[in-house]
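The structure appears below as structure tokens.
The values are calculated or read from the model by the stated rules, or taken from the named source; none is laboratory data. This is a predicted model, so every value here is computed, not measured. We place every Cβ from the backbone using ideal geometry, glycine too, and count neighbours over all the protein chains shown.
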Amino acid sequence: MDNPFKKIFSTGLAAFTSSKVESAIGVDIGTSAIKIVQLKKKGSKAILETYGSLSLGPYADTEVGRVTNLPADKISTALTDALRETNTTSKVTAFSIPSSASLLFVIELPASVSESQYPNVVPTEARKYVPVPINEVALDYWAIPKRDESFNVYGGEESSKSEVLVAAIHNDILNRYKDVLKRVDTAAKFYEIETFSAIRSSLGRDIAPMVFVDMGASKTKLSIIEMGVVRNFHMVNRGMNDLTSSISKGMSITYDQAEVKKRENGLIGPDVAIADACRLFVDNIFSEISNTVLQFERKYNRAVTKVMFSGGGALLPGLMDYAVSQFQSEVVFADPFSKVESPAFLEDVLRAGGPEFSIAVGLALRALE
């Protein structure tokens with residue numbers, strides 16, 4: 001497989017009936033932790049076999065929860081440990097590519113340009129958005145379907161132009177991942193930008209526009225989704241690591257102590273200083289969400305009706321209730337494990353911790369297709 005990044009948009013939420021894969025692993029290598037989920041196929045269902053998370057902080061000789069930038073040999077060591085500790089058995093493995101290492105954008109083409117012309121036209125148009133020579137990146141694209149008028153419940157006219165969602169990843173990033181996997185003596189069935197993995201595992205059959213908020217350690221990713229399609233993507237260069245660091249500096253306590261206080265207190269605990277710091281951070285994120293939604297609604301004259309939170313940051317105590325008070329839309333948690341079968345005694349645990357594993361679950365689901 002010359003470019004396992006191609007075609008990231010070719011697989012949706014298909015049933016598993018035609019696949020020969022019986023078991024698959026989704027690996028989400030983040031900046032602060034590795035998350036792993038292994039699923040097996042039983043008929044048309046996906047069954048949870050094992051899952052787990054491993055902090056990368058100790059591999060960088062720093063605290064648990066810290067954002068890291070590890071070299072390939074350290075990542076491969078951590079990945080080997082994570083696969084061993086979760087007792088994975090499958091040889092079919094899929095890996096996420098961080099959104100921060102990729103570029104997502106929508107281009108508009110004249111309606112006169114047919115899809116058969118896209119292989120020549122899209123790379124040329126993409127040059128306007130990609131800040132490096134186009135031959136230095138792996139490109140993929142997907143034509144965004146025009147809305148059926150029967151779903152046009154928001155008013156407004158459909159644009160005469162065609163929209164194409166384009167993804168670009170620098171070849172150096174793919175080569176770095178290949179180096180890591182070579183050291184672990186494994187291969188990737190495919191690579192996928194983390195945003196699409198998280199969306200696959202978290203979304204239902206929503207038709208109306210919604211905003212998907214992935215709160216990670218180093219970044220917060222905002223995606224406007226309509227009828228299962230990414231219509232807009234925006235990245236906020238602030239994540240939960242920044243909040244912990246802010247608490248640590250503001251209260252003159254260690255990073256570890258700040259991390260514990262953040263996780264225990266959040267927005268609703270008795271420590272007012274911690275709650276205020278969390279609220280200030282969250283307000284900044286919510287402001288970015290509101291601006292992104294407003295831009296979409298003005299451009300397309302359609303209302304965003306739901307806000308879905310995913311990622312480890314979504315587990316901040318009090319976040320959801322505060323979000324409900326701030327947004328006029330429906331506010332929900334991502335629940336990726338609802339897409340798989342698991343033991344009944346794990347149901348509450350998986351629902352509570354699910355947002356952290358959205359990416360890994362989404363990767364494993366696609367690998368089973």
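When we screen 67, 113 for residues that are at pLDDT 90 or above and over 30 Å from residue 48 (Cβ atoms), the only hit is 113.
Can you find, within region 175-204, the residue that is nearest to residue 232 (Cα to Cα) among those that are part of a strand (DSSP E or B) and out of contact with any Phe, Trp or Tyr (no Cβ under 6 Å at 6 or more places or on another chain)? Spell out how you get there, then give the answer.
First, the residues of region 175-204 that are part of a strand (DSSP E or B): 188-193.
Adding the requirement that they be out of contact with any Phe, Trp or Tyr (no Cβ under 6 Å at 6 or more places or on another chain) leaves 189-190, 192-193.
Values: 189: 27, 190: 24, 192: 18, 193: 15 Å.
So, considering only residues that are part of a strand (DSSP E or B) and out of contact with any Phe, Trp or Tyr (no Cβ under 6 Å at 6 or more places or on another chain), the one nearest to residue 232 (Cα to Cα) is 193.
Do you know which of the residues in region 166-191 that are among the acidic types (Asp, Glu) and out of contact with any helix residue (DSSP H, G or I) (no Cβ under 6 Å at 6 or more places or on another chain) is surrounded by the fewest Cβ atoms within 10 Å (Cβ to Cβ)? In this case the residue turns out to be 185. Among the residues of region 357-369, those that are within 17 Å of residue 309 (Cα to Cα) and either small (Gly, Ala, Ser) or surrounded by fewer than 24 Cβ atoms within 10 Å (Cβ to Cβ) (or both) comprise 358, 360, 362.
Sort through 49, 63 and tell me the only one that's out of contact with any Asp or Glu (no Cβ under 6 Å at 6 or more places or on another chain), in contact (Cβ under 8 Å) with a residue 40 or more places away in the chain and among the charged types (D, E, K, R). From the options 49, 63, the qualifying one is 49.
Checking each residue in region 261-278 for being loosely packed, with under 15 Cβ neighbours inside 10 Å and of a type outside the set (Val, Ile, Thr) picks out 264, 270, 273, 276. Quick check on region 311-321. Is at least one of its residues under 22 Å from residue 224 (Cβ atoms), of a type in the set (A, V, I, L, M) and either over 18 Å from the mean Cα position of the chain (by Cα) or surrounded by fewer than 18 Cβ atoms within 10 Å (Cβ to Cβ) (or both)? Taking every residue of region 311-321 in turn, at least one turns out to be under 22 Å from residue 224 (Cβ atoms), of a type in the set (A, V, I, L, M) and either over 18 Å from the mean Cα position of the chain (by Cα) or surrounded by fewer than 18 Cβ atoms within 10 Å (Cβ to Cβ) (or both). Among the residues of region 166-224, the one identified as in contact with a Lys or Arg (Cβ under 6 Å, 6 or more places away or on another chain) and small (Gly, Ala, Ser) is 201. The condition (being surrounded by fewer than 17 Cβ atoms within 10 Å (Cβ to Cβ), β-branched (Val, Ile, Thr) and at pLDDT 95 or above) is satisfied by just one residue among 47, 75: 47.
Of all residues being aromatic (Phe, Trp, Tyr), part of a helix (DSSP H, G or I) and in contact (Cβ under 8 Å) with a residue 12 or more places away in the chain in region 311-353, which is farthest from residue 264 (Cα to Cα)? Just the residue, please. Spell out the reasoning first.
Going residue by residue through region 311-353, those that are aromatic (Phe, Trp, Tyr) are 322, 327, 333, 337, 345.
Those left that are additionally part of a helix (DSSP H, G or I): 322, 337, 345.
After this cut, where a residue has to be in contact (Cβ under 8 Å) with a residue 12 or more places away in the chain as well, the list is 322, 337.
Numbers: 322: 16, 337: 24 Å.
Ranking the candidates gives 337 first.
Here residue 258 fits the description: buried (at least 17 other Cβ atoms within 10 Å of the Cβ) and either modelled with pLDDT of 95 or more or over 20 Å from residue 101 (Cα atoms) (or both). Looking only at region 201-219, filter to residues that are more than 26 Å from residue 65 (Cα to Cα) and of a type outside the set (Val, Ile, Thr); which one of those is surrounded by the fewest Cβ atoms within 10 Å (Cβ to Cβ)? By that ranking, first place goes to 205.
Given the criterion closer than 26 Å to residue 165 by Cα, assigned to a helix (DSSP H, G or I), in contact (Cβ under 8 Å) with a residue 24 or more places away in the chain and of a type in the set (Ser, Thr, Tyr), identify the matching residue among 292, 244.
Details: 244 fails: closer than 26 Å to residue 165 by Cα.
Among 292, 244, only 292 is closer than 26 Å to residue 165 by Cα, assigned to a helix (DSSP H, G or I), in contact (Cβ under 8 Å) with a residue 24 or more places away in the chain and of a type in the set (Ser, Thr, Tyr).
Filter region 107-138 down to the residues that are surrounded by fewer than 16 Cβ atoms within 10 Å (Cβ to Cβ) and of a type in the set (A, V, I, L, M, F, W, C), then identify the one that is farthest from residue 32 (Cα to Cα).
Within region 107-138, the match that is farthest from residue 32 (Cα to Cα) is 111.
Going by the structure shown, is residue 277 over 22 Å from the mean Cα position of the chain (by Cα) and on the phi < 0 side of the Ramachandran plot? Yes.
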